[in-house]
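Throughout, read-outs are computed from the coordinates displayed, never taken from laboratory work. The structure displayed is predicted, hence computed values, not measured ones. Here the Cβ positions follow ideal geometry from the backbone for every residue, glycine too, while neighbour counts run over all protein chains shown.
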Amino acid sequence: MKKSKLLVFILLFSFVINFLPKQALANEDKPPENKNKVVEEKKELVVKKEGTDKEISDNGKSVKRRDVEQTKLFDIMKSAVVEKDKSITVTTTIKPKQIYNGADVIILLDTSKKMTEESKKRAKESIKKIVKTLLEDDMHKNLNSVRLISFYRQVKDSVELKPSNVEQMVEKAFEEAKKNTNYGVSMQAAIHKAESIFDKEKNNGKRQHIVLMSQGEATFSYDIKDKEKARTTTVKGDTVVGESPFFPWPFYVEKTFKKANMIKDFKAFIKLLNRLGIHNFDNIKDNLGLADYLKLFGLDSVFDYIKLKEFESNNFDSSNFDYSKTVGEGYHNHSYQRINVVSKEFPFKKTIMAALRSKIEKENAGEVEKILNKATVKVIETALDTIFYQREYVFYNHNLSAQGEAKIAKNKKISFYSVNVTDKSDKKKAELEKYLKDMSENGKFLDTNDSKLADKFKDVLKEISIEDKLHKDYEAEILEKDGNATFSKAVEGFIFSYPPKVNWTLNAEDIKNAFEKDIPLKLVYKLKPKKDVGTADITLAESTAKYKINDDRQKSENAGKLLLKLQDVIIESNVVDETEDTQSGSSGSYPNGKDLTTVEDTKPEGNKKENNKEDNKQKPNDVNKNQKAKVHKEKSSKIPKTAIAGSSTLLLTVGLLGMYISKRRNGR
């Protein structure tokens, strides 16, 4: 009996629990959905940056490194803070980067018999100074290397030079060349060999240099591809000394080729006519007024019937040279290549023949005389065509080919220098030194006596300057600086006007010290408004970064700007997490765990004024008490409704099972 009562109780309890409101149970596990935020809006002056933090790279490719496309030079960073008095503190920092990793130098030494004793002496002294500068005195001496390639008609392998062996190696190069009959000068081949060595080492990050020491005359060069289409230029001067084209190898017969001008040679032709019994042509040349007019302005070369041309190989690239074939006889810097027949007629044939006919052919002449006169004109015309037909002698200029190879090396970021070792007592050698000077960096010889010789083999960031153009209503006060910094006031004139500026300049020593110590360079200045600038947005400062590498011209780059803005600033209080809505408010907790209740105004609209009056009468202490009263120290403990609902099914099942078992027992 007792068991039956217990089972009935369990069934009734399960039935009641099962019919509790389902919505209340469903809401038990839902997270809070609403949040209240207490926000405050206010106006504040702020400084915005546009492109002021940037990395400056060598866009002009002044740094001669082959391992990177553009060398990174320095970083610029800018910051600005608006102070309480509305002044603005601007800070600019510069951090230099490493741009120099050492120098590799290959010296090309001419050891041919064209080098006089004076030239040899100068070359030896120059080589010793370069080795001492780079391998003894320089602070980067452990990063530097100097090699020697000697050449005459042959180009020797490179050898390493050190302060201990430099004199011995130079003497050895001259002695070995002399033993091997050192005629001929393969200047282009020597440059090409040094260039090829550097091509294999281009990724080592070092600056590469070729230094040429020669008497100035090249006698061999590489052949030129597609010679018929290759560009030519007029030889400077009236003569070219070279090999005669009429005697093939191995015979060498020297020949002097001369430029010929028809106007200049016409007198000799008239004398020839006089000898043939043809007279009264002395004034024909004088009647060619065009020729005299052109001669007056130095343009009489249009009457040149023999022109001297040379390949413009100083402007060729590597695709124009055939590096498998060498040309030249080994004695002069010009070698004959071919003759071009420009025209089988002499220059200005129509004009000259008209003048001749007017002298020879007469209207009142008899039939026989007319025939003879026409025959005479024909003979003279043929003679003129035979003597004065227009042709060009085309030559290789081995010096121009050497210049072209030097230019190819420069285009690969290899620095190229020539040292003047020519013998001034030799007039011809003094004329040839122009070829060497033109192929050297900036068209100047390398002076090995220069106290700053080491800088020629380095990439040095010599100067950095930052120019900040300020708003016209601001003035600056320099607070802190590395290097030199100045403020210049605005200039307002009728013709020219300049804004106020802050100029910051860093020299090579400042940059070097900052890099070695790994300390950024800094400039701090304060901007003060001369008057109220209002609420409109203004450009506070526009920056330009300028820099100078080695002896190149200064380069500049935009370095962004600072903008002063008046903008809304939103200040947020702590966030309230709602947990339960009530008629009088909502209860919840701060994120740090404190329980609270936010009370909402639920009184009628008409009572608001009275309520406000009562609120205003409250003392601060009462307000604090009221606020504290809203915060519960502890949340009430509750049995989760979901747990009860979940257990109801189990209780019902147990009750039904118990009734079934009890009934079966009673049946027995």
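Once you sort the root eigenvalues of the Cα gyration tensor of the stretch 362-500 as a ≥ b ≥ c, which label holds: rounded (a/c under 1.5), prolate (a/b larger than b/c) or oblate (the other case)?
oblate
Between residue 327 and residue 180, what is the FRET efficiency for a Förster distance of 25 Å, r being their Cβ-Cβ separation, to the nearest 0.05?
My answer for the efficiency is 0.75.
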Two-site label geometry, residue 513 and residue 378: point separation in nm, points 7 Å out along Cα→Cβ = 9.5 nm
query = In what sequence, highest mean first, do 487-495, 140-148, 449-457 appear when ranked by Cβ atoms within 10 angstrom?
reply = 140-148, 449-457, 487-495
remark   = Of 81-89, 118-126, ordering from highest average Cβ density within 10 Å down gives 118-126, 81-89
message = I'd like the FRET efficiency for residue 160 and residue 488, computed as 1/(1 + (r/R0)^6) with the beta carbon distance as r and R0 of 56 Å, rounded to 0.05.
response = 0.55
key: For 474, 336, order by how many other beta-carbon atoms lie within 10 Å, fewest first   = 336, 474
request  = Between the alpha-carbon centers of the stretch 83-125 and the stretch 349-409, tell me the distance in whole angstrom.
outcome  = 57 Å
inquiry  = With the cut-off at 28 Å, tell me which of the pairs 258/350; 202/555; 114/264; 84/546 have Cα atoms farther apart than that.
reply    = 114/264; 84/546
